[in-house]
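Worksheet for the structure shown next.
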Amino acid sequence: MHATISAERCQGHALCAAAVPDFFELSDDDGHSSVASPRIPENLREAVRMAAANCPERAITISE
Ligand code: F3S
């Protein structure tokens, strides 16, 4: 399972990085986030799914 963040959609709400700091990282001072590696570790899958569902901009895409 993989996750990516759309740089075009992300508005820097930083909810994802706050919720799952072991996966999402802030990439600039405006709160925009990125993922260091798109592969989601097994133990973080549910948390990453929740973060994707809670992103106000729907900027996080999860794929198998
Ligand atoms: Fe961006 Fe959504 Fe996270 S807007 S910083 S991907 S919560």
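Bear in mind these aren't lab numbers, they're just calculated from the coordinates by the rules spelled out. Treat the numbers as computed from the prediction; the structure is a model and nothing was measured. Cβ coordinates were reconstructed from backbone atoms using ideal geometry, including for glycine residues, and neighbour counts include every protein chain displayed.
A Cβ-based charge dipole, computed about the Cα centre of the chain with Lys and Arg at +1 and Asp and Glu at -1, lands at about 240 debye. How big, in percent, is the set of alpha carbon pairs in the chain lying more than 17 Å apart? It works out to 25 percent of all Cα pairs.
For the chain, the relative contact order comes to 48 percent (Cα pairs under 8 Å, sequence separation of at least 6).
Between the Cα long axis of helix 45-54 and the first principal axis of the chain there is an angle of about 30°, rounded to the nearest 10.
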